[in-house]
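Inspection log for the structure reproduced underneath, given as structure tokens.
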Amino acid sequence: MTAGGSATAATVGVDVGGTFTDVVVSAGAGRDEAVKVLTTPADPLVGVRRGLRLGLARAGVAPGEVGRLVHGTTLATNVILERRGARVAFVTTAGFGDLFRLGHDARVEEDRYDLLFQPPRPPLEHDLTFEAPERTSARGEPLTPLTGPAAAELAARVAAAGPEAVAVCFLHSWANPEHERVMARELRAALPPGTHVAISADVSPELREYERGMTTLLSAYVGPVMSRYLSRLRQVLADEGLAQAAVYVMDSAGGVMSTQAAAVRPILTIESGGAAGVVAAGQIGRAGRHPRVLSFDMGGTTAKMGLVRDGQPTVTHSFEVSGKGSFGVARSGSGLPVRTPVVDLAEVGAGGGSIAWVDPTGALRVGPHSAGAEPGPACYGRGGTQPTVTDANLVLGYLDPAGLADGVALDRARAEEALRRGVAEPLGIADLLAAAHAVHDVAVATMAAAIRVVTVQRGEDPRDYTMVAFGGAGPMFAARLAAAFGITDVVVPPSAGVGSAVGLLHADLAVERVRTRVLDPAGAPPDEVKEIFHGLEADAVDALALGAHDQTVTLRYSVDLRYRGQAHQLTVPVTAPELAEPGLPALLACFREVYRATYGVTLDAPCELVSYRVRATRPFAGPAPGAQPDPPVHQPEPDGARTALFAEAGAPVPAAVFRYERLAPGALVAGPAFVDGAESTTLVPPGALLRVDATGTLHIQVAAATTGQAVGPA
């Protein structure tokens, strides 16, 4: 079987979320079947197994017909946050054993005056830190060579400590990795077979020792857990008859990799779940010819926002695990730094299951804690007693009491009781509808602030973007959020409630390779940069295991640049012809423009090339279908009505209800209205118009006056 499975075989996407596990089965020719089942936190694979059975049965696909399965998971992040990874040892250069004790920390506003402040600490016992008698210069010259006997003696001491995994990070190993490779060889000989050994030259071969060391440490920390999980996943698939399917895992930058690669470099999956949704938004943008897309993914636990330009998500190369900051973006130094390609997202704890609570000052808050799948929102009737966003939406009339996905019926009485005890009484509000609307408003404000972070604060005008909304709760809030920023077009794709799982089906097989070498673009030999990129190309293509002459592989190049004397750099894309220009004038001009857009100033100063990146991708799916002609417009008859409270109306009013599966292409619906689907509900507020295109995609035309005023901080 080829890397992508048979061309006619079915493809399955599995996304494990905090509340629901989503499964999409694509049998080709537009035959997609989606299911949502409650996540099983004690063992996520129980929910995966159940979702697979339901999805395959509904799609009429036999297990043996599945050629490819792509999995999105938050396992790596959860393991770090919950501190349930492996017992890991750390080996570093002599004299640098206190690397993580020193680190660098940053306090956010709420910690600034905390006399008992404790910065985040790495998951490492200090007595498991070992120092090697070696030293390499920044030019890659061995100053203190690491001999074989010295490495073997140190490896024996490490093995005697009994770690489950080992991370190795030597000073300046990005310039010369030979000492790390010698150390890794001796460690693998001394440790029990199968012990996870991670070296920074493989995990993060970039300058900045602290960030590189932390990335390597965390990769080793989650490695054994990820390896066991993926092994169990393959066993579950084999038990379900999918033993012949090629299995892939979503990486953090919007591509996929094999389970073997994920087990070796698990840190690449740190934002696996969030990346899939942005990939889906990019696919929708290409299909609808929307060059600028704002991805809005709201599930049961979090809401995520990201930007997509010309079908490509914005990617950053730094990430903070358990970091703190404003509106979903962690401040550098507030968490554990990870140097790996990650889709640039703002993520806030404002999902459908996010808990509403009143803080000691009497302010209403929503999130970041979530009721999750167990016990879930109070209205689920599964033991939850705290009010959530879903409970508020039910009381407002936004949800069908008949239930959500996976047969979950909604109990309005339980939702009202939770809101009364958790919100109305602490705030002194007599009207339950007002209390529910307050929860809804706070959730909207929280998400709007995150949108402002990824747009306005980064020099982007949100009015230039089309919002693509998905996730179980995204279509419920999309129109109001769009109106707050003057966004007039909202797109809700088919199967929006399982949008991240759909994104998994469209992700490309991808590998990124990076190398650091500080060069002066004016003084560097003309062929030096090209030689660096040629080496990275060969390494990336080889890692794809597709053959050096595979014509389907696409290569993208970028360079990290900075002004001379600065400590941090910006990543700038570059094309192959530009790399051939003496002095790289086009690259330098692009860097200066990116710097101006980022910091608002233009400097006339010499620049430095720092790191070089190549991302190799091989698409699984074909190109996005082109836009289709608009079908004739008609006004459908509603399937029912619900009385709901809208801020625009000021009082509960009747709203038409339409079943998604009964809305034919060309249908035109005026708000207030609801479109109830199998996985999500789309809200069309008063003053907005909804249109159904030829593909079943919902387009909401939003008036900026829908909310009356912008939401979120100025």
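A few points about this structure:
- Of the residues Ala450, Ala445, Ala415, Ala436, the single one that is within 28 Å of the chain's Cα centre (by Cα), crowded, with 24+ Cβ neighbours inside 10 Å and within 22 Å of Gly474 (Cβ to Cβ) is Ala450.
- Enumeration of residues in the range 120-145 that are farther than 26 Å from Ser611 by Cα and either without any contact (Cβ under 8 Å) to a residue 60 or more places away in the chain or not assigned by TED's automatic domain parsing to the domain that holds Gly213 (or both): Arg121, Glu125, His126, Asp127, Leu128, Thr129, Phe130, Glu131, Ala132, Pro133
- Residue selected from the range 422-440 under the condition free of Cβ contacts under 8 Å to residues at least 12 places away in the same chain and assigned to a helix (DSSP H, G or I), by the criterion farthest from Ala346 (Cα to Cα): Glu425
- Test: residue in the range 182-195 that is in contact (Cβ under 8 Å) with a residue 12 or more places away in the chain and under 27 Å from the mean Cα position of the chain (by Cα): no
- Some residue of the range 267-276 being over 27 Å from Ala27 (Cα atoms), touching an Asp or Glu at 6+ places or on another chain (Cβ under 6 Å) and in a helix (DSSP H, G or I): yes
- Any pair with Cβ under 6 angstrom, 6 or more apart, that starts in the range 441-462 at a residue that is more than 14 Å from Gly349 (Cα to Cα) and assigned by TED's automatic domain parsing to the domain that holds Thr314 and ends at one that is buried (at least 17 other Cβ atoms within 10 Å of the Cβ) and of a type in the set (A, V, I, L, M, F, W, C): Val453/Phe327; Val453/Val329; Val453/Ala346; Val454/Met305; Val454/Leu307; Val454/Ala346; Pro462/Phe485; Pro462/Ile487
- Strands (runs of 3 or more DSSP E) enclosed by the range 465-519 - at least 3 residues per element that are of a type in the set (Asp, Glu): none
- One residue stands out in the range 382-409 among those that are part of a helix (DSSP H, G or I) and over 20 Å from Val442 (Cα atoms): the one that is modelled with the highest pLDDT, namely Gly407.
Results for (1) outside the structural domain of Ala243 (by TED's automatic domain parsing); (2) buried (at least 24 other Cβ atoms within 10 Å of the Cβ); (3) modelled with pLDDT under 90, shown as yes or no for each residue.
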{"residue": "Gly5", "(1), (2), (3)": "yes, no, yes"}
{"residue": "Gly18", "(1), (2), (3)": "no, no, yes"}
{"residue": "Ala27", "(1), (2), (3)": "no, no, yes"}
{"residue": "Glu33", "(1), (2), (3)": "no, no, yes"}
{"residue": "Val46", "(1), (2), (3)": "no, no, no"}
{"residue": "Gly51", "(1), (2), (3)": "no, yes, no"}
{"residue": "Ala57", "(1), (2), (3)": "no, no, no"}
{"residue": "Gly64", "(1), (2), (3)": "no, no, no"}
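- Residues of the range 29-72 that are in contact with a helix residue (DSSP H, G or I) (Cβ under 6 Å, 6 or more places away or on another chain) and small (Gly, Ala, Ser): Ala34, Gly72.
- Within the range 71-118, the residues that satisfy the criterion of being among the charged types (D, E, K, R), in a helix (DSSP H, G or I) and exposed (fewer than 14 other Cβ atoms within 10 Å of the Cβ) are Glu82, Arg101, Glu109, Glu110.
- Restricting the range 381-402 to residues that are out of contact with any Ser or Thr (no Cβ under 8 Å at 6 or more places or on another chain) and of a type in the set (Ser, Thr, Tyr), the residue that is surrounded by the most Cβ atoms within 10 Å (Cβ to Cβ): Thr390
- Entirely in the range 590-666, the strands (runs of 3 or more DSSP E) that have 2 or more residues that are surrounded by fewer than 16 Cβ atoms within 10 Å (Cβ to Cβ) and either without any contact (Cβ under 8 Å) to a residue 24 or more places away in the chain or of a type outside the set (A, V, I, L, M) (or both): 640-645, 652-659
- Test: residue in the range 252-259 that is of a type in the set (A, V, I, L, M, F, W, C), over 16 Å from Gly17 (Cβ atoms) and in contact with a Phe, Trp or Tyr (Cβ under 6 Å, 6 or more places away or on another chain): yes
Here is a yes/no grid of residues against (1) of a type in the set (Ser, Thr, Tyr); (2) more than 24 Å from Ser272 (Cβ to Cβ); (3) in contact with a Gly (Cβ under 6 Å, 6 or more places away or on another chain):
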{"residue": "Gly349", "(1), (2), (3)": "no, no, yes"}
{"residue": "Pro377", "(1), (2), (3)": "no, yes, yes"}
{"residue": "Gly381", "(1), (2), (3)": "no, yes, no"}
{"residue": "Thr390", "(1), (2), (3)": "yes, yes, yes"}
{"residue": "Arg421", "(1), (2), (3)": "no, yes, no"}
{"residue": "Ala424", "(1), (2), (3)": "no, yes, no"}
{"residue": "Ala448", "(1), (2), (3)": "no, yes, yes"}
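- Pairs, first small (Gly, Ala, Ser) in the range 529-546, second assigned to a helix (DSSP H, G or I), C-beta under 9 Å, six or more apart: Ala543/Ala261
The values are calculated or read from the model by the stated rules, or taken from the named source; none is laboratory data. Only a predicted model underlies this, so the values are computations on that prediction, with no experimental measurement involved. Every residue, glycine as well, gets a Cβ built from its backbone with ideal geometry; the counts of neighbours run over all protein chains shown.
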